[in-house]
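Engineer: Let me give you the structure first, and then I'll get to my questions.
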Amino acid sequence: MDREQHRAAKAHLIAAMDQGLSWHEAAGAAELPTSRTAAYRLQQRVRLAGPAALDDGRRGHPSKLREPVVQWLLASCQAAPETPSHRLQTVLATQFAVSVSVSHLNHVRAVLGIRSLRPTQKKG
């Protein structure tokens with residue numbers, strides 16, 4: 001469902017609720033999966049702000065790891081799979097001026113299929 005379809009579905013939901021349908025019936029008629037709380041909050045926002053409340057307002061953010069950074073990460077991890085994510089995080093900050101959390105780096109590594117190998121320790 002694109003933005004316009006989503007906006008139209010929300011408008012249909014509110015119109016149906018204003019006509020006396022329960023939130024559940026209105027959501028079913030609008031084919032909009034929503035919770036009771038979200039439906040009534042949306043209805044309240046539309047009453048206060050008008051149709052502008054139907055717009056989502058979220059803009060998102062661009063991905064922090066663009067293609068050159070991903071390619072560097074892939075090459076680095078293939079060359080030295082034992083490199084921990086906190087070291088990669090430091091290199092990304094200094095070389096690429098990119099601030100990425102260790103958990104996001106671990107997620108990207110998993111998506112790319114790059115396993116982090118721990119160096120073997122000799123038993124003494």
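The values are calculated or read from the model by the stated rules, or taken from the named source; none is laboratory data. The shown structure was predicted, so the numbers you read here are calculated from the model rather than taken from an experiment. Positions of Cβ are backbone-derived with ideal geometry, glycine not excepted, and every protein chain shown enters the neighbour counts. Ligands, DNA and RNA are stripped out before the accessible areas are found, and what is left, the full protein with its side chains, is counted by its heavy atoms. Shrake-Rupley method; radii C 1.70, N 1.55, O 1.52, S 1.80 Å.
Engineer: Let me check against my output: what whole-number percent is the relative contact order of the chain, with C-alpha pairs under 8 Å and at least 6 apart?
Structural biologist: Here the relative contact order equals 18 percent.
Engineer: Among residues other than Ile14 whose Cβ falls under 12 Å from its Cβ, what is the net charge (Lys/Arg +1, Asp/Glu -1)?
Structural biologist: Summing Lys/Arg as +1 and Asp/Glu as -1 gives +4.
Engineer: From Cα coordinates alone, what are the radius of gyration and Dmax values for the chain in angstrom?
Structural biologist: For the chain, the Cα-based Rg and Dmax read 23.7, 78 Å.
Engineer: What is the extension gain from Ile114 to Ala52, computed as 0.36 nm multiplied by their sequence separation minus the C-alpha to C-alpha distance, in nm to one decimal? Don't skip to the end; give the middle numbers.
Structural biologist: On the way: separation 62, 0.36 × 62 = 22.32 nm, distance 4.47 nm.
Gain in length upon complete extension: 17.9 nm.
Engineer: Can you give the charge dipole size of the chain about its Cα centre, rounded to the nearest 20 debye, using +1 on the beta carbon of Lys and Arg and -1 on the beta carbon of Asp and Glu?
Structural biologist: In total the dipole reaches around 740 debye.
Engineer: Using the Cβ atoms and a cut-off under 12 Å, what net charge is assigned to the surroundings of Arg41, where Lys and Arg are +1 and Asp and Glu are -1?
Structural biologist: Working: positive: Lys10, Arg36, Arg45, Arg47; negative: none.
Charge balance in the 12 Å sphere: +4.
Engineer: In whole percent, what relative contact order does the stretch 77-119 give with Cα contacts below 8 Å and a gap of six or more residues?
Structural biologist: Taking the mean separation of contacting Cα pairs over the length of the stretch 77-119, I get 53 percent.
Engineer: Under 13 Å from the Cβ of Trp23, count the other residues' Cβ atoms, weight Lys and Arg +1, Asp and Glu -1, and hand me the total. Display every interim value, and only then the final one.
Structural biologist: Values: positive: Lys10, Arg36, Arg41; negative: Asp18, Glu25.
Spelling it out: positives minus negatives among the neighbours equals +1.
Engineer: Right, here's the next one. Tell me, what is the 1.4 Å probe accessible area of Arg36, in Å² to the nearest 10?
Structural biologist: 140
Engineer: OK, next. Calculate, for the chain, the solvent-accessible area per residue in square angstrom, rolling a 1.4 angstrom probe over the heavy atoms of the protein chains. Working shown, then result.
Structural biologist: On the way: 9070 Å² over 124 residues.
Counting only protein heavy atoms, the per-residue value for the chain is 73 Å².
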